[in-house]
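J.: Before I ask anything, here is the structure I am working with.
The values are calculated or read from the model by the stated rules, or taken from the named source; none is laboratory data. As the structure is a prediction and not an experimental result, all values here were calculated from the model. Here the Cβ positions follow ideal geometry from the backbone for every residue, glycine too, while neighbour counts run over all protein chains shown. Protein only, heavy atoms only, side chains kept; ligands, DNA and RNA dropped before computing areas. Shrake-Rupley method; radii C 1.70, N 1.55, O 1.52, S 1.80 Å.
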Amino acid sequence: MSGGPIEVVEREFGELALNMGPQHPSTHGVLRLILHLSGETVIKAVPVIGYLHRGVEKLSEHLTYDQLAPVYERDDYLAPTANSNAYVLAVERLGAIAVPRRAQWLRAFVSEWQRVSSHLVWLGTLGLDLGGALGGGTTLYMYCFREREKILDFLEELTGTRFHTNFNLIGGARYDLDAAMADKSNALAASVEAALPELWSMSGGNPIFSERTRSVGTISKDLAMGVGVTGPTLRASGIAYDVRKAAPYDAYAELPFDVISRTAGDAEARFQVRMDEIRVSLKLVRSIVDGLPAGPIFARKPLKNPKATKIPSGEVYAAVESPRGELGFHIVSDGSAKPLRLKINAPSFKNLQVVTHILPGGLVADVVATLGSLDPVLGDVDR
Amino acid sequence: MPAPEVVAALRTRFSATPFALGVELPATELLTALRALRDAHGYRYYVLGTGTERETAFEVLHAVRNLESGDTLFVKVAVPKDAPEVDSIAFVYAGAEWQEREIWDLFGVGFKAHPDLRRILMPDDYPGHPLRKSFAMDTPWGYRPAPAPEDAS
């Protein structure tokens, strides 16, 4: 959390330290940035994080394996299912627990719907960040949230909750998809897809939007690899790495889809990657509904008490592609019913770190455009 | 999971012992081994840094990846508890800078020659390092408030 001493004061033609956040509408949560400015140019950016630190990793050492999956859904609160998905994958891998095929497909189904809803939040808030030029600021935001609301209603009907679906269980899935819901999913995919050209005309089709995002916050290929940025941010820098393709989990080995990438590495490229990923995800949910295999969704024996789930000792790392990138869990087990150590490899943490490298040299007006294009979720950064 | 030929190459050059996710090295060889992994073996992508507290020592882990082959390798070093300090790799992988700050913040393991070793998640004046096993999660007043006294009347 330490911001270090701020000894810079304004002098004539000198340097100015500008404090942005933690209460600032375009920091997407409680991020504080100390910007050292020379005129309009940023010469140094110091992010200060930790305002949302909840000690999830410490808590993990005090709860049993079966109690933990819902806890992680609160980390990245725009795509909760991805968090518990990565966690149950790691535990299943360490404990050699089999997952029914239908459950694997259903996990991918909910993850892809949440990817669409998360990308819609990102697009709407990017519109807010870029402000007045985009139809008074909130126009794009409202159109995106209209579509997202339909997805949340659908997930509520499927799982009982709009957001923290608690969909993933160790060894299976909690809710099944029946024929009526499958039809609703197809109708919803068609309606969201129909809205995409409208959203694009308000963002990518707007010359002012392109002006504000092109060549802004450029991340080179080498910087992207060294810092370890991930997800759409990595793919926009010319590295087509997607965990779903490179290390397939759940049903992704059986599902056909394209990995979207761009080479420019700027905010506009990141915007294009995410916009295309919405289409890919909509295609994926359709093919999951079409090819959903029959069978059980949960195959573990019922437990008398959660302490009965003992995981063999060892170390494991399992990752999923969350909307923000590679979300991994590194679990060290000592053979008891609770993890000895659990580390969450949070994508937003790594993506946010890159701002110390890309903000200096740019204009202060581009700071919010750069931050918005990185799509950090502070719950994920601070854990 | 890690590529067997890279593990074998590390074992011939360094005194590395393999484990499930990668190799374990003596702390003195950490920097040279990671430089070799980055420059000679193509492991240019930094995945994560983390720590574990064992009974006898702390463990610091760095995970790096070769994006061409998709292979992820964990490098583990043991850090003694009485002098918890290890070389920083932030100059080899820029991404390690924050991850090492996090390990310092939560475990109290120091990093030699780190460019900016400050707390990152906890407040500056926070007492102790919360992920150590000796750091109790109890608050002075306990988890639950004491039950209300029975109504006398």
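J.: Just to confirm, what accessible area per residue do you get for chain A at 1.4 Å probe, in whole Å²?
T.: With all protein chains present, chain A gives 35 Å² per residue.
J.: For A:Val259, which sequence-distant residues (separation of 5 or more, or a different chain) have an amide H within less than 5 Å of its own amide H, given hydrogens modelled in the peptide plane?
T.: For A:Val259, no residues qualify.
J.: May I ask you to rank A:Ile208, A:Ile331, A:Ile297 by accessible area, largest first, using a 1.4 Å probe over the protein chains only?
T.: Solvent-accessible surface, decreasing: A:Ile208, A:Ile297, A:Ile331.
J.: If Lys and Arg each add +1 and Asp and Glu each add -1, what is the summed charge of the other residues whose beta carbon sits under 11 Å from the beta carbon of B:Arg101?
T.: Local charge sum for B:Arg101: -3.
J.: Out of A:Met181, A:Pro248, A:Val364, whose Cα points farthest toward the positive end of the dipole of the range A:52-378 (charges: +1 Lys, Arg; -1 Asp, Glu; placed on Cβ)?
T.: Projecting each Cα onto the dipole axis, the largest value belongs to A:Pro248.
J.: Report the FRET efficiency, 1/(1 + (r/R0)^6), for A:Lys310 and A:Asn166, where r is their Cβ-Cβ distance and R0 is 25 Å, rounded to 0.05.
T.: In this case the efficiency is close to 0.65.
J.: What FRET efficiency comes out for the pair A:Ala299/A:Lys58, r = Cβ-Cβ distance, R0 = 35 Å, nearest 0.05?
T.: After rounding to 0.05, the efficiency reads 0.65.
J.: What FRET efficiency would be calculated for the residue pair B:Asp82, B:Ala113, taking the C-beta separation as r and a Förster radius of 25 Å, to the nearest 0.05?
T.: Once the sixth-power term is evaluated, E becomes 0.75.
J.: Helix A:138-159 versus the longest principal axis of chain A: what is the Cα-based angle in degrees, 0 to 90, to the nearest 10?
T.: Around 10 degrees separate the two axes.
J.: Continuing with the same structure: Once you charge only the Cβ atoms, +1 for Lys and Arg and -1 for Asp and Glu, what is the size of the charge dipole of chain B about its Cα centre, to the nearest 20 debye?
T.: 500 debye
J.: Give me the percent of Cα-Cα pairs in the range A:180-291 that sit more than 26 Å apart, rounded to a whole number.
T.: Result for the distance tail: 30 percent.
J.: May I pose another question? Just the number, please: buried accessible area between A and B, total of both chains, 1.4 angstrom probe, nearest 100 square angstrom.
T.: That pair hides around 3700 Å² of surface in total.
J.: Let me ask something additional. Return the long-range amide H neighbours of A:Ser322 (sequence gap of 5 or more, or a different chain), with a cut-off of under 5 Å between placed amide H atoms.
T.: A:Leu327
J.: Something else now. Once phi is turned into ³J(HN,Hα) by the Karplus curve 6.51 cos²θ - 1.76 cosθ + 1.60 with θ = phi - 60°, what whole-Hz value does each residue of the range A:119-131 show in order, with x for glycine and proline?
T.: 5, 5, 4, 4, 5, x, 6, 5, x, 4, 4, 6, x
J.: Which residues, if any, in the range B:14-56 have at least 20 Å² less accessible area in the whole protein complex than in the isolated chain, probe 1.4 Å?
T.: B:Leu21, B:Arg44, B:Tyr45, B:Tyr46, B:Val47, B:Leu48, B:Thr50, B:Thr52, B:Arg54
J.: Using Cα atoms only, what is the angle between the long axis of helix A:267-291 and the major principal axis of chain A, expressed in degrees (0 to 90) to the nearest 10?
T.: 20 degrees
J.: Classify chain A as rounded, prolate or oblate from the Cα gyration tensor: take a ≥ b ≥ c as the square roots of its eigenvalues, call it rounded if a/c is under 1.5, otherwise prolate when a/b beats b/c and oblate if not.
T.: It is oblate, given that a/c is not under 1.5 and a/b is not larger than b/c.
J.: So, one more: Shape verdict for the range B:4-138, please, from the Cα gyration tensor: rounded (a/c under 1.5), prolate (a/b greater than b/c) or oblate.
T.: prolate
J.: With just the Cα atoms defining each centre, how far is the range A:356-383 from the range A:15-65? Give it in Å.
T.: 10 Å
J.: With every protein chain left in place, what is the accessible area of A:Lys310 in Å² (1.4 Å probe, nearest 10)?
T.: Only protein atoms counted, so the area is about 130 Å².
J.: Between the helical axis of A:179-202 and the dominant principal axis of chain A, each derived from Cα atoms, what acute angle in degrees is found, rounded to the nearest 10?
T.: Helix A:179-202 sits roughly 10 degrees off the main axis of chain A.
J.: If you don't mind, another one. Quick one: Karplus J couplings for the range B:61-72, per residue in order, coefficients 6.51, -1.76, 1.60, θ = phi - 60°, nearest Hz, x for Gly and Pro?
T.: Values per residue, Gly and Pro as x: 10, 10, 10, 10, 9, 8, 6, 6, 8, x, 7, 10 Hz.
J.: With both partners inside the range B:4-138, how many of the DSSP beta bridges are antiparallel, as a percent to the nearest 5?
T.: Antiparallel bridges make up about 75 percent of those DSSP assigns within the range B:4-138.
J.: In addition: What is the range A:204-248 by shape, rounded, prolate or oblate, if you read a ≥ b ≥ c off the alpha carbon gyration tensor as root eigenvalues and call it rounded for a/c under 1.5, prolate for a/b larger than b/c, and oblate otherwise?
T.: Oblate, because a/c is 1.5 or more while a/b does not exceed b/c.
J.: What pairs from A:Lys58/A:Lys301; A:Lys58/A:Lys338; A:Lys245/A:Lys301; A:Lys44/B:Lys112 go past 21 Å between their alpha carbons?
T.: Violating the 21 Å Cα-Cα cut-off are A:Lys58/A:Lys301; A:Lys245/A:Lys301; A:Lys44/B:Lys112.
J.: Could you please state, rounded to a whole Å, how far the C-alpha centre of the range A:143-184 is from the C-alpha centre of the range A:285-319?
T.: Distance between centres, Cα-based: 18 Å.
J.: Right, here's the next one. In whole percent, how big is the carbon plus sulfur part of the accessible area of the protein assembly as shown, probe 1.4 Å, protein atoms only?
T.: Looking at the protein assembly as shown in its full context, I get 55 percent from C and S.
J.: From the helices alone, meaning DSSP H stretches of at least four residues, give me the mean residue ellipticity at 222 nm for chain B, per-run term -39500 (n - 2.57), in deg cm²/dmol to the nearest 500.
T.: Taken over chain B, the calculation gives -6500 deg cm²/dmol.
J.: Moving to a separate point now. For the protein assembly as shown, what proportion of DSSP beta bridges, expressed in % and rounded to the nearest 5, is antiparallel?
T.: Given both bridge residues lie in the protein assembly as shown, the antiparallel proportion sits at roughly 90 percent.
J.: Measuring from centroid to centroid over Cα atoms, what is the spacing of the range A:189-210 and the range A:230-273 in Å?
T.: After rounding, the separation between the Cα centres reads 20 Å.
J.: Moving on to the next point. Show the residues, 5+ positions off or on another chain, whose built amide H is closer than 5 Å to the amide H of B:Gly51.
T.: So B:Gly51 has HN proximity to B:Leu61.
J.: Starting from the residue with the highest accessible area, list A:Phe298, B:Phe107 in decreasing order, probe 1.4 Å.
T.: From most accessible down to least: A:Phe298, B:Phe107.
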